[in-house]
Structures are given as structure tokens and as C-alpha cells.
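> Structure below; questions to follow.
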Amino acid sequence: MNTVDFLVRKNRIGDTEMRETPDAPLQSGQIRLRVDKFALTSNNITYAAFGEAMNYWSFYPADSGWGRIPVWGFGTVFESRCPDVLVGESFYGYYPMSSCVVLQPVRSSPGGFFDGAEHRAALHAVYNSYTRCSTDPFYTPQTEDVQALLRPLFITSWLIDDFMADNHFFGASESTAGLMLLSSASSKTAYGTAFQLAKRAGIDVVGLTSAANLEFCRSLGCYHRLFTYDRLDQIAADTSCVYIDFAGNAKLRRAIHTRFANLKYSSSIGGTHVEQLGGARDLPGPRATLFFAPAQIKKRNTEWGADNLGQRLLLSWQSFVGKVCDPKEPWLVVMEHNGPDAVRRAYAEVLGGRGDPRVGHMLSLAPNTPA
Ligand SMILES: NC(=O)c1ccc[n+]([C@@H]2O[C@H](COP(=O)([O-])OP(=O)(O)OC[C@H]3O[C@@H](n4cnc5c(N)ncnc54)[C@H](OP(=O)(O)O)[C@@H]3O)[C@@H](O)[C@H]2O)c1
């Protein structure tokens, strides 16, 4: 059989290519999975934009100059030379934008396995682990799409909220309601964060977004106040606040650091505004600090234990999914894109960033998926 890979030129991520190569026979210990479906959001575009600096290209290497973007999704084993993983089993995890993938399970347990491929040894364990659907408490067949689209993002949202509370909102909520200012408020990771923050007393959750996405953000109901990017002047300059930055927009970051004399903390989460990214040198106020989710997981694992942390995450996830999938007013509507042409078009749309924020794109290059 052949594998189809969607390739992106590393230094010009708008250039793409679909490549088909014959499958090599499996080595002992390896498995071959069909990548059934995967989600594509700005998060994956950020993987590509920071591919070199943050090693995202290293998960699934390609020919020189080209990269395979990692995506979250589901795969089913159709060939196995590993006794711990059986043909027909399904796993949630970090896959390439491809029709099939070869992995080398190590440290197998009822919960899943880690890919032991040599080139992944130095990469973070979070991304090297594959969760067995049949034993996963987060898994239900009806919520597969929502899981692929939101699970990795919501865990980050949950950890951002927890990190802020753990640090007493950096003093922003001491005398008045602490203002948490979120950019790219229409992004899934931002609204997941707002959903969590809004449950806390004494916190004012304020979103910044583009004019086109203002109504969508309003409809969510998890922001106390919302402004378009050009209306920062509507927020009092002496407000005690924390900036939670999903946009990575250098000009906006500078405007926020310059306007708010009581900016207590500036947390860099992402870079949805791919065309306006830039350095954070010589900013007024606090240093813009990269948020590192695994560090907060490690801290809570030590303090609470893995089971307790897992249980808290699961309960919050269930409550979030209930809201997102509310049939009366869903926050997310899934759109499927099957086959090479549809995948190419969906990538261009997500890269351009001008689509409907309510839509979650689910893609597949797997054979026998209806186009
Ligand atoms: N550090 C971490 O561990 C971590 C984990 C998860 C996600 N993140 C980051 O969080 C950010 C959000 O990810 P997501 O997957 O949740 O995003 P998403 O839902 O796909 O976000 C879509 C929104 O991003 C903005 N946008 C996207 N592309 C754009 C473009 N080309 N130009 C201008 N605006 C654009 C728009 O929002 P507005 O109009 O509201 O600006 C758009 O509605 C990403 O940068 C991601 O890397 C970080």
C-alpha cells in the first residue's frame, strides 16, 4: 500500500505538497496505523510557524526543506509486529497529516503506549504518548471530533486558569476585580480559558477580538466584556490586569504593555496572528513570559497526585463539552474534509484565519473515507 503525506515548506508554510510513497515492511516491534481523522486549528499552524525553534518538525521528519505538521486525532492499527498492540485497536494521540503512520510502541500499559522511535527520544513525553480509546475515561464514540478538536486545547486552558489562580492572579485581584485580558478571544483555547476563569469570584474576564468575530464571542457568554483590538481605550488605563496572549501580535502586546501601568503579568500562550508575530524586547512593564503547560502539570501531579489531577480534568472537561455541544446553542460545529483536495483547501482556510470561529475542521487522508 501507499501512504499519502501532506507536506508544508518549512520556511514558507503557505507552500504545500501532497506526496504518495510506497509503504516499507514493518520492523519487529512496529505497528502501522491508519490515521482515521484529525483536527486542524490555529494551534497546528503555530506548530508550523514555530516548527524550527520549538522542534515541532522533529516528530515526523520529511525531506529537507519540508515538514509534516503534527495534529491531534485518532488512528486504528491495521498491521502489528508488536505483541502489546493488536490489529483493530484505536488510539488518540499526536499524528502526522498523513493517511497512515508507523509507530514503535514502548512502555505499553492498558492505558496506551509511548512511541519509542529514536528520533523522538528527546521530545516531550506528552506528545509521544498514545491513549487506548477502549480504556480512556475521556473517550466516547459520539465525542471523537470534539475530543480531537478541543481536548489538547482545553487541557491548556484549564492549566492556564489553574496557573493564574495558583499565583493569586499575580496580585491583580487584590483591591478590585482582577482583570484577565485575553487576546484572540474567539480561539478555542482562549474561550476554554474564559470558561474556566469565569467560574472564579472577583475576576473580570475581558476578551479582545477582531470585528468579524465579536458577535461570536458575545454569543459564548463566558466573557464579562469584549472589545475589538482597536478599542483598548475603553478599558481604564490604571486597571490592575494580567495579559493572557493567544494572538502573539507584537504591536498589540506593546500597546497593552504601554497602556496598562498596573499590568501585573504577561503570559504568552500562542501566536494566532501569524502575520503580526514579533519579538518582545524592551517592553514597558513585566517581561512577556512563555506559558509552559507541562510545568504546571508536573507541579499539580506532585502536589495532588496523578489520579486526583486526572479526575479534576475529567470533570471540567465533561462540563466544558456539555456547554460546547449544547444542541440549542453549540459553540462548535464540526465540518469534515476528506481526501487530498479537501485537506489542502481546509489547510489554506485555517492558515488564512478568516473562517467562521464556530467551525471546527476535521480532516482525513485515510483511504476509503468518503470525500
Ligand atoms: N502554549 C501552549 O501550550 C498552547 C496550547 C494550545 C494552544 N496554544 C495556542 O493558542 C492559540 C489558539 O489556538 P486554537 O487552536 O485555539 O485557535 P483557533 O480556535 O483555530 O483560533 C481561531 C482564531 O484565531 C485568530 N486567527 C487565526 N488565524 C489568524 C490569522 N491568520 N490572522 C489573524 N487572526 C487569526 C482569530 O481570532 P481573533 O479574531 O479573535 O483574533 C480566529 O478566530 C494558538 O496560537 C496556539 O498555538 C498554545
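A short reminder: the numbers here are calculations on the coordinates, not readings from a lab. Source: prediction; values computed, not measured. Counting neighbours? That spans all protein chains shown, and the Cβs are built from the backbone with ideal geometry, glycine included.
> Could you pull out which residues in the stretch 16-54 have an amide N less than 20 Å from a spot 7 Å beyond the Cα of residue 345, following the Cα-Cβ vector?
Those under the cut-off are 16-19, 37-42.
> Take every DSSP beta bridge whose two residues both sit in the chain, then give the antiparallel share in percent to the nearest 5.
Antiparallel: roughly 60 percent of the beta bridges in the chain.
> Let's see if you can work this out: charge +1 on each Lys and Arg Cβ, -1 on each Asp and Glu Cβ, no other charges. What is the dipole magnitude of the stretch 278-348 about its Cα centre, in debye to the nearest 20?
Using only the charged Cβ atoms, the result is roughly 260 debye.
> Something else about it: Separation of the stretch 331-347 and the stretch 307-322 by C-alpha centroid, Å?
That distance is 28 Å.
> List the equivalent ellipsoid semi-axes of the chain in whole Å, largest first, each obtained as the square root of 5λ for an eigenvalue λ of the Cα gyration tensor.
So the three semi-axes of the chain are 36, 22, 19 Å.
> Then there's this: What's the local net charge at residue 174, with K and R +1, D and E -1, over the other residues with C-beta under 15 Å away?
Values: positive: 200, 264; negative: 204, 238.
Around residue 174, the surrounding residues sum to 0.
> To continue, here is another question. I'd like the distance between the alpha-carbon centres of the stretch 218-261 and the stretch 103-165, rounded to an integer number of Å.
Rounded to whole Å, the Cα centres lie 32 Å apart.
> Need the list of aspartates and glutamates near residue 299 for cross-linking: C-alpha distance under 15 angstrom, and skip anything on the same chain fewer than eight residues off.
Within the straight-line cut-off, residue 299 pairs with 161, 162, 166, 307.
> Moving to a separate point now. Quick query: amide H of residue 116 versus all other amide H atoms, modeled in the peptide plane; which residues come in under 5 Å with a sequence gap of 5 or more or a different chain?
It is 104, 106, by chain and number.
> Mind giving me the nanometre distance, one decimal, between the label points for residue 261 and residue 298, set 7 Å out from Cα along Cα→Cβ?
With each label placed 7 Å out from Cα toward Cβ, I get 3.9 nm.
> Using Cα centres only, tell me the gap between the stretch 70-95 and the stretch 2-50 in whole Å.
Each part reduced to its Cα centre gives a spacing of 15 Å.
> Only counting other Cβ atoms within 10 Å, I'd like 118, 17 sorted with the fewest neighbours first. Display every interim value, and only then the final one.
Working: 118 7, 17 13.
The order, fewest Cβ neighbours first, is 118, 17.
> Work out which helices of the chain, taken as complete DSSP H runs, extend at least 27 Å along their axis over the Cα atoms and score a mean Kyte-Doolittle of 0.0 or more, then list them.
Span-like helices here: 144-166.
> Also: Which lysines, if any, have their Cα less than 25 Å from the Cα of residue 323, not counting same-chain residues under 8 positions apart?
Filter leaves 37, 188, 199.
> A further question on this structure: What are the trypsin sites (Lys or Arg not before Pro) within the stretch 219-284 that DSSP puts in a loop, where the Cβ has at most 11 other Cβ atoms within 10 Å? Write out the running numbers ahead of the final one.
Details: sites: 225, 231, 251, 253, 254, 259, 264, 281; in loops: 281.
Filter output for the stretch 219-284: 281.
> Would you compute the Debye intensity of the stretch 149-295 from its alpha-carbon atoms alone, equal scatterers and no solvent, and pass along log10 I(q)/I(0) at q = 0.08, 0.11, 0.21 Å⁻¹ to two decimals?
So the normalised log intensities work out to -0.18, -0.35, -1.50.
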